[in-house]
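Structure first, commentary second.
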Amino acid sequence: MSSTKEGEKNDENVAVLTPGTLPFFQNMYAEAKANDNKDDALTKLNEVLNSSDFDMQCDDGYRLQEKAIYEIGNIFATRKNGEALVTLMKDIRPFFSKIPKARTAKIVRTLMDLVAKVPDSVELQLNVCKECVAWCSKEKRTFLRQRLETRLVRLQLREKKYVDALKKIQELVMEVKKLDDKPLLVEIHVTEAQVHHALSNIPKAKAALTAARTNANAIYVAPETQAEIDMIGGTINADEKDYSTAYSYFFEAFEAFDAIKGGDSRAVDCFKYMLLCKIMNGDTHDVSALIGGKHGIKYNGVSLNALKAISDSYKKRSLEDYEKTLETFKEELENDTMISRHLNDLSERLLEQNLVRIIEPYSRVEIAFVAEQIKLPLQKVEAKMSQMILDGKFSGILDQGKGHLLVFDDNSSDKTYEHSLKTINKMDEVVESLFTRAKQIQTA
């Protein structure tokens, strides 16, 4: 009896793994996924993907082939083979006619994300994105096309193709507004704000950011998207020298990015910008507290050490230490556009403070002596002094013939405004008096 059951069981196993059946391909997929030899795994996965057997022509079969696509894509991404991923995207297009459009969009976007993981692939991403947009237009897949065009705009932003990006954004906004697709509108407006900010058009960047917030308030947005909006808001406020508000935006963005499972590299950027805002505001004592806190310990690294050194040199008002820090941490400080731009302003501020401190005890001082004390070229010091006099930072005259700076003690403000107000008040009294007299004559 037992031998009969055993025989039936064996027959059942043979039937399950019969070539061309769905269980056979499921078993092949499982073996390929567990196989450490990626070349063998690719062979089996391609066999699963390209199978046209009758058993595979069902929803379960299509889902298995979809899984095979993801596994093949992951192998190519691990090997950093962007060209192979692009070829895969083109080869599987006939398969898209068998599955729902939503799953097609998911596959295309996932493969695009894998291409993005390949180093130095921005140009490749641009080309494949344009090619996919053309395919979507031909197949009338509007939903997928709009999302790919939004990704295309982000890539154009990275490549500094601002004119092309703005042109595409205008077309997208008009089209998506008709469909009232608010999640996509939020994404488009966020990208628009980034493009305008890159072009230093702050008013339009703020308008785009307001539009993004308005649409985001009407729907649920992912914490990551909200953090991105806050991060742009902080950047714009920092450019307007409102560092306190900028700090609060960066803090909100940092908390959201920090909470993302697996971490997000933008959390470190936000933390750096928080430190930068504290330095620019003159709150250097807060920098040490932030770096010594739990978040500072978590994200401790060379970039945070660089900002700590900048904070220390600014606290001491030592231009020499500041210049040494810039040289020591040149890569960390110059590679970040945001930090580099604001440190240029800080450098000018520190230079002015040092110049004022040196010339303060004198009524007449040689420019060469000031340059020697501050350890900077004579021409740079002379130009800076001239600029400070014109800006009203101190009162004086440059005697370039003798190479002297004459410093005036009289720093009284211009009285023109005050005298003008007095004159206007007196004229008002005269007119009022004449009006009263005229009224009395009419009454008489």
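The values are calculated or read from the model by the stated rules, or taken from the named source; none is laboratory data. Every value quoted in this text rests on a predicted model; they were computed, and no experiment measured them. Every residue, glycine among them, receives a Cβ derived from its backbone with ideal geometry; neighbour counts consider all protein chains shown.
Structure notes:
- Tally of residues being in contact (Cβ under 8 Å) with a residue 12 or more places away in the chain, under 12 Å from Gly73 (Cβ atoms), part of a helix (DSSP H, G or I) and not β-branched (Val, Ile, Thr) across the stretch 103-134: 4
- Residue in the stretch 217-224 that is touching a residue at least 40 places away in the same chain (Cβ under 8 Å), within 25 Å of Val163 (Cα to Cα) and in a helix (DSSP H, G or I) present: no
- Checking each residue in the stretch 95-146 for being of a type in the set (Lys, Arg), touching a helix residue (DSSP H, G or I) at 6+ places or on another chain (Cβ under 6 Å) and at pLDDT 90 or above picks out only Arg145.
- Test: residue in the stretch 241-259 that is basic (Lys, Arg), part of a helix (DSSP H, G or I) and surrounded by fewer than 23 Cβ atoms within 10 Å (Cβ to Cβ): no
- Selected residue (only one of Leu398, Leu421, Leu319, Leu350 is without any contact (Cβ under 8 Å) to a residue 40 or more places away in the chain, under 29 Å from Asp283 (Cα atoms) and aliphatic (A, V, I, L, M)): Leu350
- Residue within the stretch 359-371 that is within 16 Å of Cys270 (Cα to Cα), among the small types (Gly, Ala, Ser) and surrounded by fewer than 16 Cβ atoms within 10 Å (Cβ to Cβ) present: no
- Checked against (1) farther than 27 Å from Ile358 by Cα; (2) over 23 Å from the mean Cα position of the chain (by Cα), Lys316 passes all but condition (1).
- From the options Ile374, Ile339, residue that is in contact with a helix residue (DSSP H, G or I) (Cβ under 8 Å, 6 or more places away or on another chain) and without any contact (Cβ under 8 Å) to a residue 60 or more places away in the chain: Ile374
- Only helices (runs of 4 or more DSSP H) whose full extent lies in the stretch 363-444 are considered here, and the ones with at least 3 residues that are over 30 Å from Asp321 (Cβ atoms), modelled with pLDDT under 80 and over 46 Å from the mean Cα position of the chain (by Cα) are 416-443.
- Extreme residue, modelled with the lowest pLDDT, among residues of the stretch 44-73 that are assigned to a helix (DSSP H, G or I) and loosely packed, with under 14 Cβ neighbours inside 10 Å: Phe54
- Residue match in the stretch 298-308 (condition: assigned by TED's automatic domain parsing to the domain that holds Leu343, touching a Cys at 6+ places or on another chain (Cβ under 8 Å) and of a type in the set (S, T, N, Q)): no
- Between Asp312, Asp391, Asp336, Asp321, the distinction of being of a type in the set (Asp, Glu), out of contact with any strand residue (DSSP E or B) (no Cβ under 8 Å at 6 or more places or on another chain) and buried (at least 18 other Cβ atoms within 10 Å of the Cβ) belongs to Asp336 only.
- Residues that are among the acidic types (Asp, Glu), in the same structural domain as Tyr314 (by TED's automatic domain parsing) and within 17 Å of Ser318 (Cα to Cα) are absent from the stretch 361-382 altogether.
- Each residue in the stretch 181-207 was checked for being touching a helix residue (DSSP H, G or I) at 6+ places or on another chain (Cβ under 6 Å) and either of a type in the set (Ser, Thr, Tyr) or not in a helix (DSSP H, G or I) (or both), and 2 of them qualify.
Matching residues to (1) at pLDDT 90 or above; (2) not small (Gly, Ala, Ser):
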{"site": "Asn217", "(1), (2)": "yes, yes"}
{"site": "Gln226", "(1), (2)": "yes, yes"}
{"site": "Phe250", "(1), (2)": "yes, yes"}
{"site": "Ile260", "(1), (2)": "no, yes"}
{"site": "Gly296", "(1), (2)": "no, no"}
{"site": "Ser303", "(1), (2)": "no, no"}
